[in-house]
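Just below is one structure, and these are the notes that go with it.
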Amino acid sequence: MTDSDNLLVSRGRVLMEQPVDEEMFGLEPQNGNFYGFNASAARIWALIEQPQSLDALCATLAEEFDVVPATCRADTLAMLRELEADGLVTLTTPDA
């Protein structure tokens, strides 16, 4: 098992969101930080409105974006780690 197995992904903060075409912009009202999400990042943000496993998230994304599952998982986890560093998402294991 790797450190990314069985991760539960959930939002860590509330953003004031504004969709623009397939992208999304978000303002974090507590600190004033502004975020821009491309189409795939915006879809990830929408999907984690309700917490879900990394496996379920990647399965949905791989199908919707027609990408190889292993590539999808690696890219998604990298993006989620960046969002986690900013406090926008939390990544927890069921044992946590």
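Computed from the coordinates by the stated procedures, all read-outs in this text should not be read as laboratory data. Small disclaimer: the values here were computed from a predicted structure and weren't measured. So basically every Cβ, Gly included, is an ideal-geometry build from the backbone, and we count neighbours across all protein chains shown.
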| message | Under a Cβ-only charge scheme (Lys and Arg +1, Asp and Glu -1), can you give me the dipole magnitude of the chain about the Cα centre, in debye to the nearest 20? | response | 220 debye
| remark: So the angle from the long Cα axis of helix 54-65 to the longest Cα principal axis of the chain, reported in degrees to the nearest 10, equals 70 degrees
| task | Could you point to the label whose value was computed as log10 I(q)/I(0) by the Debye sum over Cα atoms at q = 0.14, 0.22 Å⁻¹ for the structure here, given (1) -0.70, -1.17; (2) -0.80, -1.09; (3) -0.50, -1.18? | result | (3)
| said: What is the angle, in °, between the Cα long axis of helix 69-85 and the longest principal axis of the Cα atoms in the chain? Nearest 10 is fine, range 0 to 90. | reply: 40 degrees
